[in-house]
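Asks: First the structure, which I've put down as structure tokens, then a few questions once you've had a look.
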Amino acid sequence: MKDKKILKRVNYWVTIGIVLIICIGIFTWWNNSKKKTPHHKLKPQPALIDNTSTRPASYTTKEFKNLLSQNYPDIYKNLNFKQKPTFYVIPGLIQSAAIKYTPPGQGQPGIAYDMDPQGLAIIDHKYLIISAYSKSKTFDSVLWVLDFKTGRFVKTIALNNIDHVGGNYL
């Protein structure tokens, strides 16, 4: 009689254990199978300085480092992450202050959403300059000025043309 009670109790707890394991398994499967928005489809809210976005347009530094370590481990292991900044955020990829090149509003300040970075220059290890042009040719080309040591955005300089300003122009 005592053995039957013990066996009944063991069966009860084994059944509870199996149900819990199944529930945890279903929850884990459900949580992992939910559709997650790919990073390239996220629309980050820009941090703006004088109407120029200064946050990454696609990945945070942590996400970028993680992807870099997974996809390019040889490059990743040779980077010095103690050096500041390790990475520079390219400003203006979400939006940039610019001067309107075409009518209406020609010569007036505006906001460009189609700037395409082209060139890069370092000036006296003090400034990092990135050149960009408006793909729609609606806005003047620009230079984005960053502090070389901190990576912080300093300002946007509008050029008086719509040229495809690459590295040869700086």
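The values are calculated or read from the model by the stated rules, or taken from the named source; none is laboratory data. None of the values given here were measured: they were computed from a predicted structure. Side chains included, ligands, DNA and RNA excluded: accessible areas come from the protein's heavy atoms. Shrake-Rupley method; radii C 1.70, N 1.55, O 1.52, S 1.80 Å.
Asks: Nearest 10 degrees is fine. How inclined is helix 2-33 to the longest principal axis of the chain, computing both from alpha carbons?
Replies: 10 degrees
Asks: Let me ask something additional. State the extension gain, in nm to one decimal, for the chain segment bounded by Asn71 and Ile22, taking 0.36 nm per residue of separation less the distance between their alpha-carbons. Let's see the in-between values first.
Replies: Details: separation 49, 0.36 × 49 = 17.64 nm, distance 3.46 nm.
Extra length available between Asn71 and Ile22 comes to 14.2 nm.
Asks: Once neighbouring chains are kept in place and the probe is 1.4 Å, which whole percent of the accessible area of region 60-164 is contributed by carbon and sulfur? Before the final figure, lay out the partial values.
Replies: Working: 3560 of 6540 Å².
The value for region 60-164 is 54 percent carbon and sulfur by accessible area.
Asks: I've got another one for you. Rounded, prolate or oblate: which fits region 67-149, taking a ≥ b ≥ c as square roots of the Cα gyration tensor eigenvalues, rounded meaning a/c under 1.5, else prolate when a/b beats b/c?
Replies: On the way: a/c = 3.56, a/b = 2.12, b/c = 1.68.
Prolate.
Asks: Once you've got the GNM for the chain with C-alpha springs shorter than 10 Å, pick whichever of Pro103, Pro117, Pro56 has the biggest mean-square fluctuation.
Replies: Highest fluctuation of the listed residues: Pro103.
Asks: If you roll a 1.4 Å probe over the heavy atoms of the protein chains, what accessible area per residue do you get for region 98-170, in Å²?
Replies: Numbers: 4230 Å² over 73 residues.
Counting only protein heavy atoms, the per-residue value for region 98-170 is 58 Å².
Asks: Okay, moving on. Give me the angle, in degrees from 0 to 90, between the Cα long axis of helix 61-71 and the longest principal axis of the Cα atoms of the chain, rounded to the nearest 10.
Replies: Approximately 70 degrees, to the nearest ten.
Asks: Can you tell me the relative contact order of region 97-148? Whole percent, Cα pairs under 8 Å, sequence separation 6 or more. Before the final figure, lay out the partial values.
Replies: Working: 104 pairs, mean separation 17.4, N = 52.
Relative contact order comes out at 33 percent.
Asks: How large is Rg over Rh for the chain, taking Rg from the Cα atoms and Rh as the Kirkwood inverse mean of 1/r across Cα pairs?
Replies: In the chain, Rg relative to Rh is 1.34.
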